[in-house]
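For reference, the structure discussed in these notes is given below.
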């Protein structure tokens, strides 16, 4: 990667906040397309790939970075500080990946209080912590005060902290979609294309995973739900119509329906399909349409077969949903 501050190229940055790092790997997985990035951009800030300091970014003029891919949600005050810093320094800020767009799996912690989260981390059977220590933001040492990021009560999405120009969903975004977006940006730089309207979802499509899935749908009704390891599903038929919870009807297309094609249900990592106000509500509506009963008690029994409903309906979307968090998360 070019890191010598070539002033003739537009500047590129990428940052990793509260996330697993898979989005960084997905960018590297675009293979030779990474050379197009180096040829067309001056990479000025990408901590996972180069030696870069926050002070270097702070010294840059505002809006001097053309494009920033921000992956990860906002879990602590450091994440928020860098989100606001990169917003000031960037002309185009992209919420890159499910964590930045929706909160993703880490946001399921919004169902728990800070104390419960810390108890799980510092008092579990696999943790040796005889003094029952907990992290604190500041601590006085003989050499001076040392600080660590302050842990927030809930996870927030990037656009709940700063204005976002574009959204690129996925956990992580598929590498071929990343490559397509890079091609588009390069064409824009060359005057051969125009950027989509601000606020658009990029690197994905407007329909649902079901529309990409090759499995046959017979509009069958089901009497129970089962986990995929409990039986051998028919490889040609819709998984949801076989009683396996599949999130395809509520999930935005663009991944190529890779999970259903491999025999696994869609888990919803590409986020809500167009027009869905709340992902969980959209998925629940789709599930209700295949339940073979009009009796409330029987319906309750059928729904009881869904393991971990909160984790199933809001696995990737809780922070960005209408629910956002459980009340006790604020205690």
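Details
- Averaging Cα coordinates gives a centre for the range 59-117 and one for the range 207-267; these two points are 32 Å apart.
- Of the residues 63, 32, 24, the one that moves most in a GNM of the chain with alpha-carbon contacts below 10 Å is 32.
- Tilt relative to the chain, helix 77-89 - C-alpha long axis, 0 to 90 degrees, to 10: 60 degrees
- Residues considered: 110, 129, 274. Largest GNM mean-square fluctuation over the chain, using C-alpha springs under 10 Å, is found at 129.
- The alpha carbon radius of gyration of the chain, expressed as a multiple of 2.2 N^0.38 Å, is 1.10.
- Taking the range 214-328 and dividing mean pair separation by its residue count, relative contact order in percent (alpha carbons under 8 Å, at least six apart): 27 percent
- Across the chain, the mean sequence separation of Cα contacts (distance under 8 Å, 6 or more residues apart), normalised by length, yields a relative contact order of 19 percent.
- DSSP bridge analysis restricted to the chain gives an antiparallel fraction near 30%, rounded to the nearest 5.
- When the chain is treated as a GNM with alpha-carbon contacts under 10 Å, the residue of 143, 297, 174 showing the greatest mean-square fluctuation is 143.
- In degrees, nearest ten, helix 279-288 long axis to first principal axis of the chain (Cα): 20 degrees
- For the range 209-328, the Kirkwood radius over C-alpha pairs fed into Stokes-Einstein at 37 °C and 0.692 mPa s yields D = 223 µm² per second.
Since every read-out is calculated from the coordinates, none of them should be taken as a lab result. No experiment lies behind these values; they were computed from the predicted model shown.
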